[in-house]
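Visitor: First, the structure itself, so that you have it in front of you.
Here, each number is a calculation from the coordinates, and none is a lab measurement. Please read all numbers here as calculations on a predicted model, not as lab measurements. Quick reminder, even Gly has a Cβ in these numbers, built from the backbone with ideal geometry, and neighbours come from all protein chains shown.
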């Protein structure tokens with residue numbers, strides 16, 4: 001079973017700061033997802049990575065397959081970025097389900 | 001498109017009662033899955049399906065049944081509810097060919113309390 005660890009568990013920062021959230025996993029994977037869960041509970045997909053780096057607006061996600069590690073960065077953070085960010089990994093060929101980290105609770109203060 | 005819909009949004013059951021959580025998607029996605037979310041535990045996979053007529057167990061399948069008779073619907077059945085099944089339940093789907101690797105579309109969730 002893949003163990004997925006996220007750090008930090010909680011993060012409070014000031015508006016405008018550069019944010020980094022980390023995800024490590026124990027067993028080789030075929031893909032990794034970053035998800036965002038809003039305070040109201042809804043979950044949306046931010047990125048799916050199998051290698052390298054992806055960027056969408058102020059969000060950047062990277063993955064190092066050899067080191068079994070991924071990072072999610074937020075540039076110029078804003079209070080609307082306050083949410084729980086969840087890392088999830090996929091083993092094998094993708095026919096199985098996701099294994100999730102416990103999430104990072106991010107609060108951006110004005 | 002409505003995306004992924006779940007009903008009901010809230011449900012209170014007594015121990016031993018049965019019920020079905022409904023999940024439907026209108027995106028013609030082959031892959032569908034059910035998760036439960038508990039405080040301090042994160043999301044955990046209950047069951048998943050890679051297409052109509054095909055289902056498989058996830059990490060925490062005990063106490064739950066699923067079936068997939070159509071591409072659109074993936075209901076989750078609790079046969080005899082227990083307090084340990086108090087949780088928030090999310091259904092998700094992904095495009096054909098992507099499976100768990102594809103972008104996941106989540107429903108809004110069902111908050112279930114078992115007394």
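Visitor: Of B:93, B:33, B:49, which has the largest mean-square fluctuation in a 10 Å C-alpha GNM of chain B?
Guide: B:49
Visitor: Provide the percentage of antiparallel DSSP beta bridges, counting only those with both residues in chain A; round to the nearest 5. Each step should come with its number before you reach the end.
Guide: On the way: 40 of 45 bridges.
Bridges in chain A are about 90 percent antiparallel.
Visitor: When the Kirkwood radius is taken over all Cα pairs of chain B, what Stokes-Einstein diffusion coefficient follows at 10 °C and 1.306 mPa s, in µm²/s?
Guide: Values: Rh = 13.9 Å.
So the translational diffusion coefficient is about 114 µm²/s.
Visitor: What fraction of the Cα pairs in the range B:1-63, stated in percent, has a spacing above 16 angstrom?
Guide: On the way: 1156 of 1953 pairs.
The answer is 59 percent, as a whole percent.
Visitor: For q = 0.22, 0.23, 0.24 Å⁻¹, what log10 I(q)/I(0) does the range A:26-77 give under the Debye formula with an equal point scatterer on each alpha carbon and no solvent?
Guide: -0.84, -0.90, -0.95
Visitor: Related question: Using alpha-carbon pairs under 8 Å, 6+ residues apart, how would you state the relative contact order of the range B:37-115 in percent? Before the final figure, lay out the partial values.
Guide: Working: 119 pairs, mean separation 17.9, N = 79.
Once normalised by length, the contact order is 23 percent.
Visitor: Further, regarding this structure: Please report the relative contact order for the range A:62-102, taking Cα pairs under 8 Å with a sequence separation of at least 6, and give it as a percent rounded to a whole number. The partial results should precede the final answer.
Guide: Working: 25 pairs, mean separation 10.2, N = 41.
Worked out over the range A:62-102, it gives 25 percent.
Visitor: Could you work out the mean count of beta carbons from other protein chains within 10 Å of each residue's beta carbon in A:40-50? Intermediate results must be reported in sequence, preceding the final value.
Guide: Details: counts 2, 7, 5, 11, 4, 7, 1, 1, 7, 0, 1.
Average neighbour count from other chains, rounded to a whole number: 4.
Visitor: On to the next question. If you take the beta carbon distance between residue A:17 and residue B:10 as r and set R0 to 45 Å, what does 1/(1 + (r/R0)^6) give as a FRET efficiency, to the nearest 0.05? Each step should come with its number before you reach the end.
Guide: Values: r = 37 Å, r/R0 = 0.82.
Computed FRET efficiency for residue A:17 and residue B:10 comes out at 0.75.
Visitor: Continuing with this model, one more query. Run through all the Cα pairs of chain A and give the fraction in each 10 Å bin from 0, expressed as whole percent.
Guide: Here the calculated profile for chain A is 15, 50, 29, 6, 0.
Visitor: With a point put 7 Å past each Cα toward its Cβ, work out how far residue A:51 is from residue A:26 in nm, to one decimal.
Guide: Here the modelled spin labels are 2.7 nm apart.
Visitor: Taking Cα centroids, how far is the range A:1-49 from the range B:1-56 in Å?
Guide: Each part reduced to its Cα centre gives a spacing of 22 Å.
Visitor: Still on this model: Just counting partner chain Cβ atoms within 10 Å, what average do the residues of peptide A:96-108 show around their Cβ? Before the final figure, lay out each step's value.
Guide: Working: counts 9, 18, 13, 7, 8, 2, 5, 4, 0, 0, 0, 0, 0.
The mean count of partner-chain Cβ atoms within 10 Å per residue comes to 5.
Visitor: Over the whole of B:24-33, what's the average partner chain Cβ count within 10 Å per residue? Rounded to a whole number, please. Please list the in-between numbers first.
Guide: Working: counts 0, 0, 0, 0, 0, 0, 0, 3, 0, 3.
That works out to 1 on average.
Visitor: Still on this structure: What is the gain in length, in nm to one decimal, between residue B:19 and residue B:88 on full extension, counting 0.36 nm per residue of separation less the C-alpha to C-alpha distance? Walk me through the numbers before you get to the answer.
Guide: Numbers: separation 69, 0.36 × 69 = 24.84 nm, distance 1.46 nm.
Stretched out fully, the residue B:19 to residue B:88 stretch lengthens by 23.4 nm.
Visitor: State, as an integer percentage, the relative contact order of chain A based on alpha-carbon contacts under 8 Å between residues 6 or more apart.
Guide: Details: 279 pairs, mean separation 40.6, N = 110.
This gives 37 percent for chain A.
Visitor: OK, next. Evaluate 2.2 N^0.38 Å with N set to the residue count of the protein assembly as shown, then give the Cα radius of gyration divided by it. Walk me through the intermediate numbers first.
Guide: Values: Rg = 17.4 Å, N = 225, 2.2 N^0.38 = 17.2 Å.
With N residues counted in the protein assembly as shown, Rg over 2.2 N^0.38 Å equals 1.01.
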